[in-house]
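Worksheet: the structure to be examined is printed underneath.
The values are calculated or read from the model by the stated rules, or taken from the named source; none is laboratory data. Please read all numbers here as calculations on a predicted model, not as lab measurements. Positions of Cβ are backbone-derived with ideal geometry, glycine not excepted, and every protein chain shown enters the neighbour counts.
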Amino acid sequence: MTNMRLKTVLLKEEEKYRGIARISKSVGIHPGEYVLISGKMKTAAKVWTKNSNERLIWLDEVTAENAGIEIGDYVEVEKIEPATARKVVLAGEDLSKHTWIPRIIARTEEDLIKLVLRGRVLSVGEVVAVRGLSTDLPVLYEVLETDPAGFVIVSENTKIKWCKK
């Protein structure tokens, strides 16, 4: 698949901070696939599709910032197949202060972070936003390290290391 140029549009409020980009079905990328989004910088996201014949990509502000663009700009988009992360190191605030998930499900802060980031694609230097599970306010993390390097997907087997920022 070759690169395509798409205009960016802001995601609906309830779809923000999930690590996704909505792309017009007419573009030919399928739900669950991953795309590289290139503006002044590069970022990646998991695809959800939208019924539209326009050449658009819907992003949240954090994804747009990671791509070095503003909503309304054009970006280059191409399908990618990121590796599964063995390890991810993040810095950020306590997610447990923003959730109702009991410690029986996620015993540690790292387990809780892994639970909410599972299936997300990320890379070093990016800011990752998750919606606080008991609030609409995003909780932000900076990606400090990944193994392997490059864009990786967080899985149930990924080791998460978290340090408070």
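Some values worked out for this structure:
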quantity	calculated
Hits in the stretch 120-154 - residues which are surrounded by 15 or more Cβ atoms within 10 Å (Cβ to Cβ) and among the small types (Gly, Ala, Ser)	SER123, ALA129, GLY132
Residue identified as among the basic types (Lys, Arg) and within 14 Å of the chain's Cα centre (by Cα) among LYS50, LYS16, LYS7	LYS16
Whichever residue in the stretch 7-30 is farther than 15 Å from ILE80 by Cβ and in a strand (DSSP E or B) and, among such residues, is modelled with the lowest pLDDT	SER24
Unique match (being in the same structural domain as VAL130 (by TED's automatic domain parsing), surrounded by 14 or more Cβ atoms within 10 Å (Cβ to Cβ) and under 23 Å from VAL152 (Cβ atoms)) among LEU90, LEU36, LEU59, LEU11	LEU90
Index of the failed condition, GLU54 passing every other in (1) among the charged types (D, E, K, R); (2) assigned to a loop (DSSP other than H, G, I, E, B); (3) at pLDDT 95 or above	(3)
